[in-house]
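Take a look at the structure set out below.
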Amino acid sequence: MDKDIGIHGNMFGGILMAWIDEAAAAFATEYCCTPNMVTLKVGELHFIRPIKTGNHIRLYGEVSRLGNTSIELQIEVRKYNLYSGEEKAVCVTSITFVRIDDDGNPTPIGDSIKRRHEDMVAVV
């Protein structure tokens with residue numbers, strides 16, 4: 001949308017970062033079966049090509065590491081062409097979330113999630 005575009009006609013990086021954080025948080029909470037996940041760290045954002053007004057984007061994520069209390073995701077944002085179906089990477093980053101308790105302290109991710117993750121990694 002126009003409100004998300006800067007003076008050079010490109011999407012503001014901070015807006016894209018917010019979208020990445022929101023989408024990745026949704027992925028992490030679903031993967032870990034808990035709403036109690038908070039952002040711990042965002043890796044370097046590599047902006048590969050610009051996003052312009054009217055571009056459609058898709059965000060893809062995969063688990064790169066599942067720790068005792070944390071999950072690290074690799075995120076790739078792609079520009080999607082509605083006419084051809086072609087996708088081009090526009091931004092890549094990593095993002096880490098931590099599971100917390102009601103007081104905001106780190107708490108372990110459930111054993112059933114860890115076992116499921118190990119089974120999925122073994123299959124790949």
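Any read-out appearing in this document is the output of simple, stated calculations on the displayed coordinates, not a laboratory observation. If you're wondering where the values come from, they're calculated on a predicted model, not measured in any experiment. Cβ: placed from backbone, ideal geometry, glycine included. Neighbour counts: every protein chain shown.
Points worth noting:
- Order of 2, 119 under a 10 Å beta carbon neighbour criterion, fewest first: 2, 119
- Distance (nanometres) between label positions extended 7 Å along Cα→Cβ at residue 30 and residue 15: 2.4 nm
- Using the Cβ-Cβ distance between residue 118 and residue 48 with R0 set to 25 Å, the FRET efficiency from 1/(1 + (r/R0)^6) comes to roughly 0.15.
- Check: the range 2-123 dipole with +1 on Lys, Arg Cβ and -1 on Asp, Glu Cβ, in debye: 420 debye
- Helices in the chain, meaning DSSP H runs of at least 4 residues, each add -39500 (n - 2.57). Divided by all residues, the mean residue ellipticity at 222 nm is -8500 deg cm²/dmol.
- The calculated FRET efficiency for the pair residue 2 and residue 56, based on their C-beta separation and a Förster distance of 25 Å, comes to about 0.95.
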